[in-house]
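Just so you know, all these numbers are worked out from the coordinates, no wet-lab data involved. Bear in mind that the values here come from a model prediction, so they are computed numbers and not experimental data. No Cβ is skipped: glycine too gets one built from the backbone with ideal geometry, and neighbour counts run over all protein chains shown.
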2 protein chains.
Amino acid sequence: MIVALAGGVGGARLAWGLAQVLDEGRLAIAVNTGDDFEHLGLAISPDLDTVMYTLAGCADRERGWGRADETWRFLEALGALGAPTWFALGDRDLAVHVERTRRLHAGQSLQEVTAHLCQALGVRHPVLPASNEPVRTIVHTGAGELAFQDYFVQQRCAPAVTGFRYDGAEHARPAPALAAALEHSELEAVVLCPSNPYLSIGPILALPSIAAWFARRRVPVVAVSPIIGGAAVKGPAAKIMRELGAPVSVLGVCDYYGALVDGWVIDEADAGHAGALRERGKRVLVTPTLMTTDEDRSALARATVSFARTLYHSAP
Amino acid sequence: MIVALAGGVGGARLAWGLAQVLDEGRLAIAVNTGDDFEHLGLAISPDLDTVMYTLAGCADRERGWGRADETWRFLEALGALGAPTWFALGDRDLAVHVERTRRLHAGQSLQEVTAHLCQALGVRHPVLPASNEPVRTIVHTGAGELAFQDYFVQQRCAPAVTGFRYDGAEHARPAPALAAALEHSELEAVVLCPSNPYLSIGPILALPSIAAWFARRRVPVVAVSPIIGGAAVKGPAAKIMRELGAPVSVLGVCDYYGALVDGWVIDEADAGHAGALRERGKRVLVTPTLMTTDEDRSALARATVSFARTLYHSAP
């Protein structure tokens, strides 16, 4: 059994691949909630939705967020009322936010609500919020502290980043199903998907129980590098690494995760970094990691699981 | 200056006519809020929206509710999530509910929110909620008490009605702009639009301050009959009158309003009732009251205002 940590498009793509190659009951996907926010009175969970839509096969593949076959009549009408439209809400996507909000207000946990939405959309593997309790990523920039969506959407990641804070993380507990999955007797490995380390995986690792699990883990942790050939496939990861003075390569990501990761899956374009990773005590798999087609996703998932199992069986 | 009380399609149509024949500053439209309810976490005000959309020229003329040129992508997606879809919310209509809810949660009054929405939609005359405070129509039926939307939409007015209650009315104050309009030095008359007496006008008259105003009024009140030739043009008015044992004619409506109305505007089809109305001490105008075309609406509005002014100037 594998637990994957994910958030954003790259994470969702590998999660989709893992869902193809692992049977039901053999995979749980824990998703970042640091991007979550309340907007127009609606509880919005962008990363949960990206993973959920991707696994359901209804994600928009061009945009990288929201639903395929989307329309924007609500947003147009909202704009005509002078209401804020900086966060794009498609007509079909909106149904998920309204129903999530309704169920949360009725007292369901985010894990319960997400399970319901996933079931309704035909997602077979559990998609779990990292926590039922609010964790909110705050971006420290030269222009002051910014709420995540302010930084990411309103300011399009323009301000130079000096650091991050994950508000609420210190008191947040992992979602019960995530805690259970991490303690599952058949757990073989945890996979860090190729998601933004600071914005997608960092908020999950910031939960004290998760950090403690990593410190005393008995199964390997395998990370797939979100940086290929010195660039992020999508999103601001490379820009942020540059701003933080980190090498924009898998080595920079490796230094960020440090001892939390045992094995690295890197692209053939980065084979030259394999030596440096091994010097840092890491196991390395070099394989194509760019996920353009469905076949790419499944192949990377298969290679990652196989690599993780090798580490699992070779553990001391 | 005229204050019109309205709710529902017939009321909205006459309100539109009044808005054509009266200059800005000469008309205020007070709208029933007894139909308002919270649904999916959204504050929904069906009668305010019907009047607002009708005055803005963006109401759907076929359905009698909601917006013209509407789409239903949100509702379809919502249904696929297993969420309740019994109350139809169009994609464009939804923008109004979301923005209304957002502004109410931010602390604005329903009057303020409605003013903003009307301004954004290009409505020139003030559309006022009867009250900023919640008034909720409860329908007493043989099958027990039903919340209004349960009766009206979910059960399609099928249960036989035995009476009504307007929850909250006894403590609700008129919206400030309505209170001001009723005390305006240039007020000439109040017009009861051809709306359902029990469901649209009754909840407004149930406010103690409004009832007190009617009791001590110094301007005439003119009502346009919602019953033409023994039938309601739209909605359950005739069915309810029958269930309550009232004559299904303008006489039944006249008995309901009693001394609150000074003059009746009735259709030519009901000219035979003029005598009975006059016996009850009422002034009567017989004129075409069926509003099919825009011209019908303006003509009825013009006739009603002219009739009201006659009463105003002939008052003792």
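Structural remarks
- By the beta-carbon count within 10 Å of each Cβ, the least crowded to most crowded order of B:Thr141, B:Thr71, A:Thr114, B:Thr54, fewest first, is B:Thr71, B:Thr141, B:Thr54, A:Thr114.
- Each copy carries a label point for A:Pro288 at 7 Å from Cα along the beta-carbon vector; from one copy to the others these points are 7.5 nm apart, nearest first.
- With θ taken as phi - 60° and the Karplus curve 6.51 cos²θ - 1.76 cosθ + 1.60 applied, the whole-hertz 3J(HN,Hα) list for segment A:125-130 is 8, x, 9, 10, x, 3 Hz, x standing for glycine and proline.
- Cα-Cα pairs of segment B:2-314 separated by more than 29 Å (percent): 32
- With R₀ set to 56 Å, the beta-carbon distance separating B:Ala106 from B:Ser314 gives a calculated FRET efficiency near 0.70.
- Separation of the B:Arg302 and A:Gln119 label points, Cα + 7 Å toward Cβ, nm: 6.3
- Beta-bridge orientation, segment B:2-314: approximately 45 percent antiparallel, per DSSP, counting only bridges with both partners inside.
- Computed over chain B with a Gaussian network model linking Cα atoms closer than 10 Å, the most mobile of B:Val191, B:Val51, B:Val98 is B:Val98.
- Sequence-ordered 3J(HN,Hα) estimates for segment B:269-284 from the Karplus curve with 6.51, -1.76 and 1.60 and θ = phi - 60° stand at 5, 10, 4, x, 8, 4, x, 4, 5, 5, 4, 7, x, 9, 7, 9 Hz, glycine and proline given as x.
- Residues whose amide H lies under 5 Å from that of A:Tyr166, counting only those 5 or more places away or on a different chain, are A:Ile138; hydrogens are built 1.01 Å from N in the peptide plane.
- Test item: A:116-124 mean partner chain Cβ contacts at 10 Å: 2
- Peptide A:97-104 has a mean of 5 when you count, residue by residue, the C-beta atoms of other protein chains within 10 Å of its C-beta.
- Computed from label points 7 Å out along Cα-Cβ, the spacing between B:Ala231 and B:Glu38 is 4.0 nm.
- Chain A: calculated mean residue ellipticity at 222 nm from DSSP helix runs of at least 4, using -39500 (n - 2.57): -11000 deg cm²/dmol
- For B:Ala189, the residues whose modelled amide H falls within less than 5 Å of its own, excluding neighbours fewer than 5 places apart on the same chain, are B:Val3.
- The count of lysine pairs in the protein assembly as shown whose Cα atoms are under 29 Å apart, excluding pairs fewer than 8 places apart on the same chain, comes to 4.
- Amide H contacts of B:Ala206 (H built 1.01 Å from N, under 5 Å, at least 5 apart or other chain): none
- All Cα pairs of segment A:1-71, percent lying beyond 21 Å: 26
- Each of the peptides B:82-90, A:202-210 was scored by the mean count of other Cβ atoms within 10 Å over its residues; in descending order, highest first, they stand as A:202-210, B:82-90.
- Here A:Ser185 yields copy-to-copy label distances, from shortest upward, of 8.9 nm, the label point defined as 7 Å from Cα along Cα to C-beta.
- By the count of other C-beta atoms within 10 Å, a proxy for reagent exposure, A:Ser131, B:Ser109, A:Ser225 are ordered fewest to most as B:Ser109, A:Ser225, A:Ser131.
- The protein assembly as shown: antiparallel DSSP beta bridges as a percent of all, rounded to 5: 45
- All C-alpha pair distances within the protein assembly as shown, sorted into 10 Å bins from zero, spread as 3, 15, 22, 18, 12, 11, 9, 6, 3, 1, 0 percent across the bins.
- Excluding exposed DSSP-loop GluC sites (Glu not before Pro) (at most 14 other C-beta within 10 Å), longest clean stretch of chain B: B:187-316
- Residue exposure sequence - A:Ser314, A:Ser185, A:Ser45 - by fewest surrounding Cβ within 10 Å: A:Ser185, A:Ser314, A:Ser45
- Closest approach of a chain A beta carbon to the axis mapping chain A onto chain B (residue, whole Å): A:Asp91, 2.
- ³J(HN,Hα), Karplus 6.51/-1.76/1.60, whole Hz, each residue of segment B:154-169, x for Gly, Pro: 5, 9, 6, 6, 5, x, 6, 8, 10, x, 9, 9, 10, 4, x, 4
- Nm distances between copies for A:Gly275, ranked from closest, using label points 7 Å along Cα→Cβ: 11.4
- Once the convex hull of all Cα atoms in segment A:68-197 is built, its volume per residue stands at 168 Å³.
- Paramagnetic reach from A:Gln154 in segment A:16-51 [backbone N under 13 Å; point 7 Å along Cα→Cβ]: A:38-40
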